[in-house]
Amino acid sequence: MLTPDQFFAFLAAAILLTLSPGPDNMMVLSVGVSKGRARGVAFGLGCAFGCLSHTLLAVVGVSALIAASPLAFTTLKVCGGLYLAWMGWHAIRSRGGARIDTAGASAAPARTLFVKGLVANAINPKVALFFLSFLPQFVVAQRGDANLQTALLGLTFTAQAIVLFGLLGFFSGAIGQWLARRPKAGQWLDRAAGAIFIALGLRLIVAR
């Protein structure tokens, strides 16, 4: 188990890192503003739950193998970037704009965005390498069972990401409600969001 000092020191660092500007924040904001509150929350939760895959990789040591293999890292990086670019292309082609269904929207679109957020985070090699380098800093070897400590730290990171990304999607969605009454503005916002996805995807592909 984690000691109180160990837990709260990690939690504080995790919160600061999650709140710092980055691709995940931009994507959650983009989806929340262009697609509405529920979909922004769904995408944010998907991104947060994607951290579980990286926790598992960090525990079993697969992330270390990816870091040691340039070919594996490059392949995963390109796949992740292409996926983000694909999401951006579909957003740009969308003709719906930022619409909020106040009568009760179908659950399918929200589930789809949850899965997209989950996959986008899970296949991001930058996040895998981040977990590999960040989590072990808070593991106390003298307490034994480093794998259990790593798993608990990863679950803690995921839990705070669920809260913060959920709030981010919730409040960005409020902006989407305002834009729902302005279809043309919503269409341009869809295109802007798509451009952000594509830019993030390309940056992920070309980044060293």
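Derivation of every value follows stated rules applied to the coordinates shown; laboratory data play no part. Everything numeric here is computed off the predicted structure, so don't read it as measured data. We place every Cβ from the backbone using ideal geometry, glycine too, and count neighbours over all the protein chains shown.
General observations
- Alpha carbon centroid spacing (whole Å) that separates the range 110-153 from the range 41-57: 9
- HN-Hα J in Hz across the range 37-50 - Karplus 6.51, -1.76, 1.60, θ = phi - 60°, x for Gly and Pro: 4, 4, 6, x, 5, 4, 5, x, 5, x, 4, 5, 5, x
- Between F8 and I92, the FRET efficiency estimated from the beta carbon spacing at R0 = 45 angstrom works out to 0.55.
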